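Below: one structure, written as C-alpha cells.
The values are calculated or read from the model by the stated rules, or taken from the named source; none is laboratory data. The structure displayed is predicted, hence computed values, not measured ones. Quick reminder, even Gly has a Cβ in these numbers, built from the backbone with ideal geometry, and neighbours come from all protein chains shown. The area values use the complete protein model at the heavy-atom level, side chains included, leaving out ligands, DNA and RNA. Shrake-Rupley method; radii C 1.70, N 1.55, O 1.52, S 1.80 Å.
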Amino acid sequence: YTILSKVHSDRNVYPSAGVLFVHVLEREYFKGEFPPYPKPGEISNDPITFNTNLMGYPDRPGWLRYIQRTPYSDGVLYGSPTVENVGKPTIIEITAYNRRTFETARHNLIINIMSAEDFPLPYQAEFFIRNMNVEEMLASEVLGDFLGAVKNVWQPERLNAINITSALDRGGRVPLPINDMKEGVYVMVGADVPFSSCLREVENPQNQLRCSQEMEPVITCDKKFRTQFHIDWCKISLVDNTKQVSTFQEVIRGEGILPDGGEYKPPSDTLKSRDYYSDFLITLAVPSAIALVLFLILAYIMCCRREGVEKRNMQTPDIQLVHHSAIQKSTKELRDMSKNREIAWPLSTLPVFHPVTGEVVPPLHTDSYDNTSMPLMQTQQ
C-alpha cells in the first residue's frame, strides 16, 4: 500500500507479482501546485481529477485499474501485477486537472514488478462482499480487517490479497441510490494451506440446494464476518491449484487428421497470364442473349397477337349484339329525357298556410317554371 510522495520527482514503487498493488493519488499533494496558491491557513477545496496512462499509450496496462468517485476524493490505482511483467519497469503518467482553474500537473510513477517467492499461492478463495464499494475495500484498514477475519477462519501461515474487482466489472448492475446501497466487490485471497472446514461448508448438498433456491446457506463462521462484512456465500469460489490437471493431450493420428505435408511452398512469381474472354462470354453474353430472345417472344405475343374489336364482333352471336345495342340506346334516351324533365316541387317542401292570416299560399312558381337550376329547399318569405 503506497502513497504518492510530495517530492517533485518520479516515484518508484516495487510491487510483487501476484499480490494486490494499491497506490493512492492524494489531492492534497496537487493542491499546492495550482494557482492561485493558497495562503497559510487558507483552505483550498478545488475539484481535482486524474488521468492515468502508460507512457506512450492512451490507456493503462491490462492489470492496472483506476477509480475516483468524485473530484473531491482521492484517486486510487490498484491491480494485481502479472508474472510476464517481472523485471520490466512500467512508467505510468499521472496528470492532475484542476476543474476550477483548468491548470494541469504531471508526474510519473515507475512500477518495478518484483517476483514473489511464495507465488503463486496454491489455494485461492474469492469472496463477494455485498456491503462494500471497491474504493472502500481498498482502504488499508478495511482490507486489513478483512484479511484478519479470513486468517481467523482459515489459519494459514501465509495469506495475501491477490486481487480486488468491482462487481460492475463482472457484469453487475449499478445499485439504486436508496438506503445507502453498495455495488459489491470481489476479493481474492491466497494461502499456503488447504481450505478450512468452514469454507468447505458451502459445498455440501444442503447449502447448494439453499443457494439454488436463492436462500442463505448455513455457514458456521459467517458470524466472524457479519459484524463488518456481508459475505454472499453462494458466490464464493474455491480454487485448488494443486489438483489442476493439465488439459494437454497427446494427438493420436487417425481418421480426420491430415498427414504432414511438409513445409509450405508458395507458388512461383512467374505465373502465366490468363485469358478471361471466354469467362466474359459465359457470364454476360449468354444471359443477355437469353433475355433478348424472351423479350422478343413476349413482344410478339403482346403486340402481334391482338384479336381486335372486329374479330370479337364476328365471333359474338347476333342476338347478343342486338340486345347490347338496345341497352345502349335506351340508356342514352333516358339520359336525354332526364336533362329536359320538369317536375313540380313536392308539397312537403312548400308552405301551405300563411303564418298570419292562415290563408292558403300558392306555390312560388308556375308549372312551366324551369326548376332544374333551383335549390331543393326554397327560402320561406
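Annotations
- The apolar share of the surface of the range 82-216, taken as the fraction of accessible area on carbon and sulfur atoms (1.4 Å probe, ligands and nucleic acids excluded), comes to 50 percent.
- The range 123-240, dipole about Cα centre (Lys/Arg Cβ +1, Asp/Glu Cβ -1), debye to the nearest 20: 200 debye
- For the range 62-207: rounded, prolate or oblate by the Cα gyration tensor [a/c cutoff 1.5]: oblate
- Extension gain, residue 283-residue 136: 0.36 nm per intervening residue step, less the Cα-Cα distance, totals 45.9 nm.
- Set of lysines near residue 329 by C-alpha distance (under 17 Å), chain-local residues within fewer than 8 positions excluded: 339
- Rounded, prolate or oblate (a/c below 1.5 giving rounded, otherwise prolate when a/b exceeds b/c) for the range 123-240 by Cα gyration tensor: oblate
- FRET efficiency, 1/(1 + (r/R0)^6) with R0 35 Å, evaluated for residue 10 and residue 70 via beta carbons: 0.80
- Accessible area per residue in Å² at 1.4 Å probe, computed on the range 123-240: 51 Å²
- Extension gain from residue 242 to residue 291, taking 0.36 nm per residue of separation minus the Cα-Cα distance: 10.2 nm
- For the range 11-113, the per residue solvent-accessible surface stands at 50 Å², with DNA, RNA and ligands left out and a 1.4 Å probe.
- Alpha carbon centroid spacing (whole Å) that separates the range 78-117 from the range 203-220: 42 Å
- Note on residue 331 and residue 228: the extension gain reaches 26.9 nm, defined as 0.36 nm multiplied by sequence separation minus the Cα-Cα distance.
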